[in-house]
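In what follows, a structure is listed as structure tokens, so that the remarks can point back to it.
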Amino acid sequence: MEKKHIRISRFLSYVLRHRPDAVNLALDANGWVDIDALLAASAAHGRMFGRADLDLVVAQDEKRRYAISEDGRRIRASQGHSVPIDLG
């Protein structure tokens with residue numbers, strides 16, 4: 001994975017596992033967040049990346065840290081949350 005995607009992965013881990021409020025997001029009870037909202041909130045906080053970058057990070061992550069919903073509209077971290085969620 002190239003440096004850009006490593007930075008995106010670290011940012012996603014921080015936001016989706018620990019601090020969604022850092023970019024003014026809230027996870028639902030199962031840890032999901034709307035991808036479009038994530039991309040917009042990230043950009044508003046100086047983290048510019050698109051859906052193609054996000055999909056690449058998710059696909060190339062060997063530890064399977066992230067999951068995209070079946071409808072392709074939401075994303076969540078798959079493990080290691082410090083915020084209370086129910087992974088089901």
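Quick one: grab the alpha carbon gyration tensor of region 45-88, order the square roots of its eigenvalues as a ≥ b ≥ c, and give me rounded if a/c is under 1.5, else prolate or oblate depending on whether a/b is larger than b/c. It is prolate, given that a/c is not under 1.5 and a/b is the larger ratio.
Positive end of the dipole of the chain (Cβ unit charges, origin at the Cα centre): among H45, I35, G88, the Cα lying farthest that way belongs to H45. What's the longest bit of the chain with no exposed trypsin sites (Lys or Arg not before Pro), using DSSP loop states and at most 15 other Cβ atoms within 10 Å as the test? Result for the longest clean stretch: 1-62. If every alpha-carbon in the chain counts as one equal scatterer, what log10 I(q)/I(0) does Debye give at q = 0.13, 0.26 1/Å? Each listed q corresponds, in turn, to -0.35, -1.62.
Solvent-accessible surface of protein heavy atoms, probed at 1.4 angstrom with all chains present, puts L16, L87 in the order L87, L16, largest first.
Anisotropy class assigned to region 12-52 is prolate, per the alpha carbon gyration tensor with a/c at or over the 1.5 cut-off and a/b larger than b/c.
Between D28 and R10, full extension at 0.36 nm per residue minus the direct alpha carbon distance yields a gain of 4.4 nm. When all protein chains stay in place and ligands, DNA and RNA are ignored, the 1.4 Å accessible-area order of L25, L54, largest first, is L25, L54. Share of carbon and sulfur in the accessible area of the chain stands at 48%, probe radius 1.4 Å. About its Cα centre, the chain has a charge dipole of approximately 400 debye under the convention of +1 per Lys or Arg Cβ and -1 per Asp or Glu Cβ, with nothing else charged. Proximity of backbone amide H atoms, modeled 1.01 Å from N, is registered between R74 and I35, S69 at under 5 Å, excluding neighbours fewer than 5 places apart on the same chain.
The values are calculated or read from the model by the stated rules, or taken from the named source; none is laboratory data. Here the structure is a predicted model, which means the values were calculated and not measured. Reconstructed Cβ throughout: ideal geometry from the backbone, glycine too, with neighbour counts over all protein chains shown. We work out accessible area using only protein heavy atoms, side chains counted, and drop any ligands, DNA or RNA first. Shrake-Rupley method; radii C 1.70, N 1.55, O 1.52, S 1.80 Å.
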